[in-house]
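Encoded as structure tokens, the structure appears first; notes follow it.
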């Protein structure tokens, strides 16, 4: 397995594991409070839809000429990756609320209980919530599988990495019978943001006609570079946020209030 | 709202998210790279520098918005 293929498998595995943890929390909440059978039906249908999307779009994308594919996919991956990275840096800096699976589980459980009595047969609430949860979390993974896989013509490898991540998370979740709150979700999201942005920079530039010094080996400089810069930016924001309330309180005489965004 | 419009809006929201300026920045940087690549000059350095600037500006906007909401 080449370095680029290892990067592909690792990025897809991490992204898929993070999204699977979030989807698992939703499924556990509706399944344990209302109907396991209906929740699992929703999961099954959502997985079929996601598999159909990858199967339909994969061959269409890979049939594009390599230069055009790298330009389009590199650009999209970079735009998408910068979203992940930006949110991850803001979470790391304490400006944006971190994901808390226990809090999400609590909210979903309360909503499921408030939705009224479970109906006999297929429970529409459990089916719909599980279906939407898995589909929405899974779409991001499908996008990553398609873009990463298509660029290296290794969609099966990307899909396999995603499948292994789902199996690992589901096995861990059912073994624990609880949301996987101890998974370092925010750190993993930071890592995925770094990988998506790095590969987006690399493929986007190649697709636009640039030649990297050292060819594929340039990734060995780009990935640590993006990681270093991202950590430096998180540190700088953390410092400025910590300083800002002091300045505000000195000016107004009020108690300092931390700035935060919702998830 | 028609379903086609809803799908387009959903796709935009999914890929671009809440910071369209970053997407425009990436498109401009790729265009600039393509232009420089047609000359004798090296073009590989444009994307890393552009991404650094795009990310810094995007984070600055987000941090400023957050401190306004306090």
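Descriptive notes on the structure:
- In range of the label at residue A:107: residues from region A:184-223 whose backbone nitrogen is under 20 Å from the point 7 Å along Cα→Cβ: A:184-190
- Cα shape, region A:116-164, gyration tensor, a/c 1.5 rule: prolate
- Percentage relative contact order, chain B, counting C-alpha pairs under 8 Å, at least six apart: 28
- Cα gyration tensor shape for the protein assembly as shown, rounded if a/c is under 1.5, else prolate or oblate: oblate
- Counted by neighbouring Cβ atoms within 10 Å, the residues A:148, A:13 run from fewest to most as A:13, A:148.
- Once the C-beta distance of residue B:7 and residue A:177 is scaled by a Förster radius of 41 Å, the resulting FRET efficiency is 0.60 to the nearest 0.05.
- Exposure proxy ranking, count of Cβ atoms within 10 Å, fewest first, for A:18, A:45: A:45, A:18
- Region A:12-74: radius of gyration and largest Cα-Cα distance (Dmax), Å: 16.6, 51
- Cβ-Cβ distance of residue A:117 and residue A:10, R₀ of 51 Å, FRET efficiency by 1/(1 + (r/R0)^6): the value works out to about 0.65.
- Going from the residue with the fewest nearby Cβ atoms within 10 Å to the one with the most, A:233, A:40, B:47 rank A:40, A:233, B:47.
- Relative contact order %, chain A, counting alpha carbon pairs below 8 Å whose residues are six or more apart: 38
- Global form of chain B, assessed from the alpha-carbon gyration tensor, a/c cut-off 1.5: oblate
- Estimated translational D of region A:49-183 in µm²/s (Stokes, Kirkwood radius over Cα pairs; 10 °C; 1.306 mPa s): 90
- For the protein assembly as shown, the 222 nm mean residue ellipticity estimated from helices alone, with every DSSP H stretch of n ≥ 4 adding -39500 (n - 2.57) and the total spread over all residues, rounds to -27500 deg cm²/dmol.
Every read-out reported here was derived from the displayed coordinates using simple, explicitly stated rules and does not represent laboratory data. Here the structure is a predicted model, which is why all the values come from computation and not from measurement. Ideal geometry is used to build each Cβ from the backbone, glycine not excepted, and the neighbour counts take in all protein chains shown.
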